[in-house]
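Some notes on the structure that comes next.
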Amino acid sequence: MSMVDGKILRQMGVDVGEDSLSTLISYFVSDTEERIKAFQEQLSSGDFSALAVSAHTLKSVCAQYGVMDCSLQARELEALCRDPGAGGRAPEISRRIQRLIADLQTAMVEIKGFSM
């Protein structure tokens with residue numbers, strides 16, 4: 001099963017040009033690596049408000065690049081972290097973040113290998 005919707009990336013390539021798409025893909029990968037680090041730091045510090053903001057941003061970025069399952073996971077994580085009782089659900093939040101990180105890593109490999 002593919003983590004990346006190639007139709008969305010192909011359309012992005014048509015819209016911005018193939019050279020620009022390559023640059024945008026590089027940006028997606030480096031930005032996602034930074035977001036993964038932020039998730040880990042925010043989880044370690046128990047900063048559920050920051051986790052919610054990070055998940056909100058990731059949700060949109062993933063959808064833009066066709067990484068729809070990760071976008072959905074980020075949306076669910078955002079809602080979970082915005083819940084006033086999020087602190088009591090830390091183990092569940094941690095499991096969801098670990099799954100999201102694993103899926104993001106798979107998606108980054110796929111997206112780096114994308115060709116029009």
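Values for this structure:
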| read-out | value |
| --- | --- |
| Ranking of VAL67, VAL14, VAL53 by count of other Cβ atoms within 10 Å, fewest first | VAL14, VAL53, VAL67 |
| In order through the stretch 49-65: 3J(HN,Hα) via Karplus (6.51 cos²θ - 1.76 cosθ + 1.60), integer Hz, x for Gly, Pro | 5, 5, 4, 4, 5, 4, 5, 4, 5, 4, 3, 6, 4, 4, 4, 4, 9 |
| Contour excess over end-to-end distance, with Cα ends at ASP19 and ASP31 and 0.36 nm allotted per residue | 2.5 nm |
| Relative contact order of the stretch 6-111, defined on C-alpha pairs under 8 angstrom at six or more residues apart (%) | 26 |
| Under 23 Å from LYS37, Cα to Cα: lysines that are on another chain or at least 8 residues apart | LYS59, LYS112 |
| Segments 38-44, 58-64 sorted - mean Cβ within 10 Å per residue, highest first | 58-64, 38-44 |
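FYI, it's all coordinate maths here, none of it is from the lab. A quick note: this is a predicted structure, and the numbers were derived from the prediction, not measured. Neighbour counts run over all protein chains shown; Cβ positions are idealised from the backbone, glycine included.
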